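Since the structure comes first, as structure tokens, the remarks are kept for the end.
The values are calculated or read from the model by the stated rules, or taken from the named source; none is laboratory data. From a predicted model like this one, the values you see are computed outputs, not experimental measurements. Cβ: placed from backbone, ideal geometry, glycine included. Neighbour counts: every protein chain shown. Ligands, DNA and RNA are excluded from the accessible area calculation, which covers all protein heavy atoms including side chains. Shrake-Rupley method; radii C 1.70, N 1.55, O 1.52, S 1.80 Å.
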Amino acid sequence: MVKYALKPTVTLLIAYPTYNTWHIFLGLLFSALGDAFLMLPSEQMFVPGLLSFLIAHIFYIASFDSPTRVSWPAVPLVLFAAAMLHGLWPGVANEDTVVQIGVVVYVFAIVWMTYKASLTGNMVLATGTVLFCVSDS
């Protein structure tokens, strides 16, 4: 029971100081919701969890104040996305189309988040998103 409360609670505690930065705050709230869904023992919670994390990453992307332009980080990130999808596909090939589309969109969302972070000039943010992207693969 403690496990089900602890991880989302930690995320919400991290979210509290960001209440004045709405995109980050909402991203952390949706991340906590995603954690809660994925911790439930039902496989039916995978899609709601994935959707929660996708919404969280959209909020994070919106918070990165950087122009969208083609830059060198795009090349390794596109290759990374292709490799990640290649590695994940055997596990989702027999799933519903909704799950397959969701996984593809989610992979591109975390890669886009990493790319946008790399354009901010903030090396801590860029490093954090690269580490997240790798750990989430």
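Give the calculated FRET efficiency between LEU85 and THR21 to the nearest 0.05, with a Förster radius of 22 Å applied to their Cβ-Cβ distance. Show your work: numbers first, answer last.
Numbers: r = 31 Å, r/R0 = 1.43.
That pair, LEU85 with THR21, gives E of 0.10.
On the accessible surface of segment 73-120, probed at 1.4 Å, how many percent belong to carbon and sulfur atoms? Walk me through the intermediate numbers first.
Details: 1780 of 2480 Å².
Roughly 72 percent, rounded to a whole number.
Convert each backbone phi in segment 95-100 into a coupling constant with the Karplus relation 6.51 cos²θ - 1.76 cosθ + 1.60 (shift: θ = phi - 60°), then list the ³J(HN,Hα) values in order as whole Hz, x for Gly and Pro.
These are the phi-based 3J(HN,Hα) values: 7, 4, 4, 4, 5, 4 Hz.
Around GLU43, under 15 Å between beta carbons, what's the net of Lys plus Arg minus Asp minus Glu among the other residues?
Numbers: positive: none; negative: GLU95, ASP96.
Result for the local shell: -2.
Net charge within 11 Å of LEU119 by Cβ-Cβ distance, Lys/Arg positive one each and Asp/Glu negative one each, not counting LEU119 itself? Before the final figure, lay out the partial values.
Values: positive: ARG69, LYS116; negative: ASP65.
For residues surrounding LEU119, the net value is +1.
Would you mind getting the accessible area per residue of segment 87-137, heavy atoms of the protein chains only, 1.4 Å probe, in Å²?
Numbers: 2820 Å² over 51 residues.
Result: 55 Å² per residue.
Once both labels are modelled 7 Å past Cα along the beta-carbon direction, what's the ALA93-MET45 spacing in nm?
If labels sit at ALA93 and MET45, their model points lie 2.9 nm apart.
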